[in-house]
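Computed from the coordinates by the stated procedures, all read-outs in this text should not be read as laboratory data. In this text, all values refer to a predicted model and were calculated from it rather than measured experimentally. All Cβ positions, glycine included, derive from the backbone under ideal geometry; neighbour counts span all protein chains shown.
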Amino acid sequence: MRKVIFFSTFCFISSCSTTIDYQGSTNTYTSPEVAGETMGISGQLEFGNSTKFSLATLEQSNIFSSNINVDLSSGMAKDNVLSAQAALGLGKKFELYYRALADSPDLLGGKFQVLGEGAIKKADGFKLLVFGGYGPGMDDDEKFTATNGSGGSREYDSKLNVSMYEFGISLGQRFKKMYIVYLTPFYREFKADATLTSTSYPTVQINKKSIVKGCNVGVRLEADTKFFINLEAGYAHSQYSSTIQRDDYTLGGAAGITSF
């Protein structure tokens with residue numbers, strides 16, 4: 001959920017800083033088929049682009065200054081994130097999924113097959129499903145520290161909680177039994193609450209909402225075995241507010257295995 005980054009060397013212009021942030025994945029790896037059978041199990045390992053949302057930075061303004069300040073300016077940057085996903089089929093039309101992401105809340109959600117048959121049939125034709133999930137977040141406690149060139153330091157105890165929800169649709173076409181091409185528009189919203197406390201400085205409260213929305217185009221490649229590969233590319237729009245936003249292309253891939 002949270003990544004605390006330490007820069008241990010000084011550059012000429014800026015000195016040590018620590019940043020509290022979290023990740024918003026810009027990929028879905030969701031093809032338009034559920035398992036199609038009860039207790040149909042699948043799992044996959046994923047790696048792709050993300051948006052890193054910065055909540056606060058504790059930093060020295062420059063190498064010649066002894067002041068260390070808390071910068072609450074919201075920031076975003078394109079990054080990469082590792083994730084894993086597992087799914088369990090419940091009947092022919094429904095599937096539960098659990099997605100674990102680095103530096104972001106884990107998600108529990110469901111997928112419902114609106115059109116077409118499930119993956120177990122490997123039937124040609126048009127497919128459509130809807131999905132949605134929620135991640136309640138998890139409190140994470142750590143030290144939030146920066147030092148200056150004079151040997152001074154400023155330290156906070158930090159508590160961060162990030163929750164999120166997502167929804168989207170996936171539609172596509174299966175060709176023979178070997179691959180399926182799909183399009184997945186999605187929407188994700190994050191709520192972050194952080195508290196920085198110190199014995200020497202005032203308490204800092206941070207409450208932020210952020211959004212990641214976009215659309216992925218993907219292909220799921222299957223062989224006669226139970227292994228598969230997902231490849232995705234697309235567009236993502238990320239924002240803190242109407243004035244803090246960015247647009248990015250997104251790339252990602254996943255490899256997995258099924259029980260069917």
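Which far-off residues, 5 or more places away or on another chain, put their amide H under 5 Å from the one on residue 28, with H placed in the peptide plane?
Excluding prolines and chain starts, which carry no amide H, there are no hits.
Amide H neighbours of residue 82 under 5 Å, counting only residues 5+ apart in sequence or on other chains, H built in-plane at 1.01 Å?
For residue 82, the qualifying residues are 102.
Could you list 76, 164, 178 in order of exposure, starting from the residue whose Cβ has the fewest other Cβ atoms within 10 Å?
178, 76, 164
Starting from the Cα of residue 169, step 7 Å along the direction of its Cβ; do the same at residue 114; then give the gap between the two resulting points in nm.
Modelled inter-label distance: 0.3 nm.
Of 93/177; 92/176; 127/213; 52/177; 78/111; 92/208, which pairs sit farther than 30 Å apart, going by alpha carbon to alpha carbon? Display every interim value, and only then the final one.
On the way: 93/177 19 Å; 92/176 20 Å; 127/213 22 Å; 52/177 37 Å; 78/111 28 Å; 92/208 40 Å.
Distance filter (> 30 Å) returns 52/177; 92/208.
By how many nm would the segment from residue 193 to residue 249 lengthen if fully extended, with 0.36 nm per residue of separation less the alpha-carbon distance?
17.3 nm
Could I have the simple spin-label model distance between residue 209 and residue 78, label points 7 Å from Cα toward Cβ, reported in nm to one decimal?
For the pair residue 209/residue 78, the computed spacing is 2.8 nm.
What residues have an amide H closer than 5 Å to that of residue 71, excluding those fewer than 5 places away on the same chain, when H is modeled at 1.01 Å from N in the peptide plane?
Counting only residues 5 or more places away or on other chains, the set is 57, 58, 59.
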